[in-house]
Amino acid sequence: MIIQGVFSMSILDRLRSFFGMGDKEEENESEANNAKDDVNVTSSKKKLNDNIVSGTKTSESISKVESGSKDMPSKTAHSKNDADKKETVAKEETSTVDSKEEKKEKVTIPELAEEATEIAQERVNEVAEEEAEAKAEGSDLIDDEEDASLDEAEDDEIDDENTGENNKKSDTMTLLTDKELITSESLDKDFTAAFIDAGIETVKNCFQCGTCGGTCPSGRRTPYKVRQLVRKCLLGLKEDVISDDALWMCTTCYTCQERCPRSVIIVEIVKKARNIAAHAGYMAKPHKMTGLFVITTGHGVPINPVTKELRARVGLSELPPTTHMFPEALEEVQKICKTTGFDELIGFDETTGELKD
Amino acid sequence: MEVAYFLGCIMNNRYPGVEKATRIFFDALDIELKDMEGASCCPAPGVFGSFDEKTWASIAARNLTIAEDMGMDIMTECNGCFGSLLECNHMLKEDEEAKAEINEVLSEVGREFKGTVDVKHFAQILRDDVGYEKLASVIEKPLNLNIAAHYGCHFLKPTKEVGIEESAEDPSILDDLIEITGAKSIPYEEKMLCCGAGGGLRSRDIDVTLSMTKEKLENMEAAGADAIVNVCPFCHLQFDVGQTEVNKKYGTNFNIPVFHLAQLYGMAMGLDADDLTLDSHLIDCAPALAKALEEYDKLATE
């Protein structure tokens, strides 16, 4: 059994369908029916997954339904009190993902599937509404020109996804294409483990309610989806996470973390994912430059002649009593950067005092 | 009282009037500011924290050891520095493994993190160590201004770790401190919204940053703000320099002067524009300064 589910596509789909039918839907009292249509647009198998993790819009191994389905609801409910059990479940998850044999087995749990579908329909509908609201709110806040360009970008993406070789529709008659499928090969358990090892166990607490995304100032104006990011990190979709420019749209304002009803330390997840991205070579030049300034001066924003003059005018020392004034202190900072390998990480060239590229 | 005065980067290297005002202000409050000789960048959480946690923690810990050697708690007037230093201090105090790892790096430069000092924010010291009564006693020229208070993100959040306010949804510390100067802290929409500069976003994607700054400026202007008051030189820079960038990008005419809280107190203590280096600001502060003191001058001449 191939694992089904899509991140970007499911959102776009839902947004598209929502906005495509949006006017009609907003006026319609019986939203439930429309929502059903809405849900039917997405993969039916995805609904199973949605149920497992209390309404996630993302995908997981179907085989997990078999081994994890009975445990998962209790995991969600008792995860705080029942750490041991959680560990066990987590191990089961991992081992299931590992097992290719299990992956190939058909899902033979119709009852569960039905129940899952029902719950998931409700949940996906809620999520779609939240997202549409967030989107509507967002478009008020950005001007028309930007809005248009965002729409354009989304259209482009959709076009891209609908062309190309692997574009045959999956045989479950959804709008998904094979290209959009996430298989267990895409999951990198070491990536997930990196978060757990870094003390961010709370990544497992996330039940994908969307409070984070709904409150995120960057999410209102960029493709940055913090809820999606947390989910991808938990699943281990490493390449997806670290190659995405949107990862760098977070201002670390902590609003999501403050409001998270599951106490997920979201900003730590973002920073950890960025660390992994940076070490994999995804670093913006301007960020490297800030690093370069600290190596060469000890300051991310070094002094300039104008400020020196201003400082002297008001009776302050021309150079502040920092690494600017004490060269031996600067050497300490440089030695630290060398010891930790930060100089190499940003590509600092000691002989020229510049970046290598 | 003595504190180790952590300068950081933007205040001392771009807006020295903030540092000057603070030194005079704290003199009046009988708090001795001791320089942390050889301190560096905090380092910037958005770049170092996002690139390599170990380097971030090592450089931050080095700064902490300077204060440990002085035997004093640290004071910083920048939310970013506050966030970095507080978080690192907290982490190394709590996590023996992390402490050992970072101390191994620090041993290369002959230093050791011991965990003997605390990190405090300027505004926190004003509220908790100085007290509102004493603050009121240094005000010589009560200011007549409508202020849009900008808290910034790393001042109060994450609230569980920082503990200055129980919640960052509707805090009062900055508003209270502003109103002691005679100015009025006015409500405005989305008051707790980020300035847009943090997390490395300003250098990574200035357009996204400016879009947030613009939203804040619109809300501040709509509420009738005469000036913006912040407690973070990076937010300060974003509202000052960023305001001109917003105007250029969107064809707007925002013209709201920006003061760090230390400068606001400086004005209320009667320091002049030169001492506050208001000429280092891109947005002209003269109208706000004139309005601020209008009432006082009128009373003084009567």
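The values are calculated or read from the model by the stated rules, or taken from the named source; none is laboratory data. Owing to the predicted nature of the structure, the values given are computational and were not obtained by experimental measurement. Methodologically, a virtual Cβ is constructed for each residue, glycine included, from the backbone with ideal geometry; neighbour enumeration extends over all protein chains shown.
Tally time: how many residues in region A:316-346 are at the interface with chain B (Cβ under 7 Å from one of its Cβ atoms) and either among the aromatic types (F, W, Y) or in a loop (DSSP other than H, G, I, E, B) (or both)?
Qualifying residue count, region A:316-346: 6.
Can you find, within region A:240-261, the residue that is surrounded by the fewest Cβ atoms within 10 Å (Cβ to Cβ) among those that are free of Cβ contacts under 8 Å to residues at least 24 places away in the same chain and under 12 Å from the mean Cα position of the chain (by Cα)?
A:D245
If I filter region B:85-123 down to residues being closer than 16 Å to B:G163 by Cβ and among the acidic types (D, E), which single residue comes out as surrounded by the most Cβ atoms within 10 Å (Cβ to Cβ)?
Here the answer is B:E87.
Taking the condition at the interface with another protein chain (Cβ under 7 Å from one of its Cβ atoms) and more than 30 Å from B:L193 (Cβ to Cβ), does A:A312 pass?
When the stated conditions are applied, A:A312 does not pass them.
Is there a residue in region A:347-357 that is more than 30 Å from A:F207 (Cα to Cα) and at the interface with another protein chain (Cβ under 7 Å from one of its Cβ atoms)?
For region A:347-357, residues more than 30 Å from A:F207 (Cα to Cα) and at the interface with another protein chain (Cβ under 7 Å from one of its Cβ atoms): absent.
Consider only pairs whose beta carbons are under 7 Å apart and that are at least six residues apart or on different chains; among these, list those whose first residue lies in region A:322-344 and is touching a residue at least 40 places away in the same chain (Cβ under 8 Å) and whose second residue is outside any helix (DSSP H, G or I).
Sorted first by the residue in region A:322-344, then by its partner, the pairs are A:F342/B:D52.
Which one of these is outside any loop (DSSP other than H, G, I, E, B), surrounded by 20 or more Cβ atoms within 10 Å (Cβ to Cβ) and either more than 7 Å from chain B (Cβ to nearest Cβ) or not polar (S, T, N, Q) (or both): A:V270, A:V264, A:V301, A:V306? Full working, then the answer.
Numbers: A:V264 fails: outside any loop (DSSP other than H, G, I, E, B); A:V301 fails: outside any loop (DSSP other than H, G, I, E, B); A:V306 fails: surrounded by 20 or more Cβ atoms within 10 Å (Cβ to Cβ).
Exactly one of A:V270, A:V264, A:V301, A:V306 is outside any loop (DSSP other than H, G, I, E, B), surrounded by 20 or more Cβ atoms within 10 Å (Cβ to Cβ) and either more than 7 Å from chain B (Cβ to nearest Cβ) or not polar (S, T, N, Q) (or both), namely A:V270.
Suppose we keep only residues that are of a type in the set (A, V, I, L, M, F, W, C) and within 20 Å of B:D207 (Cβ to Cβ) within region A:204-235. Which one would you say is nearest to the other protein chains (Cβ to nearest Cβ)? Write out each step before concluding.
Within region A:204-235, the subset of a type in the set (A, V, I, L, M, F, W, C) is A:206-207, A:209, A:212, A:216, A:226, A:229-230, A:233-235.
With the extra rule that they be within 20 Å of B:D207 (Cβ to Cβ), the set shrinks to A:216, A:226.
Values: A:C216: 10, A:V226: 12 Å.
It comes out as A:C216.
Which is at negative phi, within 11 Å of another protein chain (Cβ to nearest Cβ) and among the acidic types (D, E), of B:D73, B:D118, B:D95?
Numbers: B:D73 fails: within 11 Å of another protein chain (Cβ to nearest Cβ); B:D118 fails: within 11 Å of another protein chain (Cβ to nearest Cβ).
One residue alone meets the criteria, B:D95.
Quick test of your reading of the structure: B:I178 fulfils all but one of (1) in contact with a Pro (Cβ under 9 Å, 6 or more places away or on another chain); (2) more than 9 Å from chain A (Cβ to nearest Cβ). Name the failing condition by number.
(1)
Testing B:D30 on (1) surrounded by 21 or more Cβ atoms within 10 Å (Cβ to Cβ); (2) more than 27 Å from B:C194 (Cβ to Cβ); (3) more than 10 Å from chain A (Cβ to nearest Cβ); (4) not basic (K, R), one condition comes back false. Which one is that?
With (1) surrounded by 21 or more Cβ atoms within 10 Å (Cβ to Cβ); (2) more than 27 Å from B:C194 (Cβ to Cβ); (3) more than 10 Å from chain A (Cβ to nearest Cβ); (4) not basic (K, R) applied to B:D30, the lone miss is (1).
Filter region B:214-234 down to residues that are in a helix (DSSP H, G or I) and more than 11 Å from chain A (Cβ to nearest Cβ) and give me whichever is surrounded by the fewest Cβ atoms within 10 Å (Cβ to Cβ).
B:A222
For region B:26-60, how many residues meet the condition of being at pLDDT below 95 and not in a helix (DSSP H, G or I)?
1
If you go through region B:4-24, how many residues are buried (at least 24 other Cβ atoms within 10 Å of the Cβ), more than 8 Å from chain A (Cβ to nearest Cβ) and of a type in the set (A, V, I, L, M, F, W, C)?
Total meeting the criteria: 5.
Within region A:274-298, can you find the residues that are at the interface with chain B (Cβ under 9 Å from one of its Cβ atoms), aliphatic (A, V, I, L, M) and part of a helix (DSSP H, G or I)?
A:A277, A:A278, A:M289, A:V294
For a quick check of your reading of the model, give me the residue pairs whose first member lies in region B:264-290 and is free of Cβ contacts under 8 Å to residues at least 12 places away in the same chain, whose second is among the charged types (D, E, K, R) and in a helix (DSSP H, G or I), with beta-carbon atoms closer than 6 Å and at least 6 apart or on different chains.
Pairs found: none.
From the list A:E344, A:E354, A:E328, which residue is of a type in the set (D, E, K, R) and within 22 Å of B:G38 (Cα to Cα)?
Numbers: A:E344 fails: within 22 Å of B:G38 (Cα to Cα); A:E354 fails: within 22 Å of B:G38 (Cα to Cα).
After ruling out the rest, the residue left standing is A:E328.
Against the definition (surrounded by 16 or more Cβ atoms within 10 Å (Cβ to Cβ), assigned to a helix (DSSP H, G or I), touching a Leu at 6+ places or on another chain (Cβ under 7 Å) and at pLDDT 95 or above), how does A:K232 come out, yes or no?
Details: surrounded by 16 or more Cβ atoms within 10 Å (Cβ to Cβ): yes; assigned to a helix (DSSP H, G or I): yes; touching a Leu at 6+ places or on another chain (Cβ under 7 Å): no; at pLDDT 95 or above: yes.
Judged against the criteria, A:K232 is not a match.
Among the residues in region B:113-121, are any part of a helix (DSSP H, G or I) and free of Cβ contacts under 8 Å to residues at least 60 places away in the same chain?
Filtering region B:113-121 for residues part of a helix (DSSP H, G or I) gives none.
Within region B:113-121, none of the residues are part of a helix (DSSP H, G or I) and free of Cβ contacts under 8 Å to residues at least 60 places away in the same chain.
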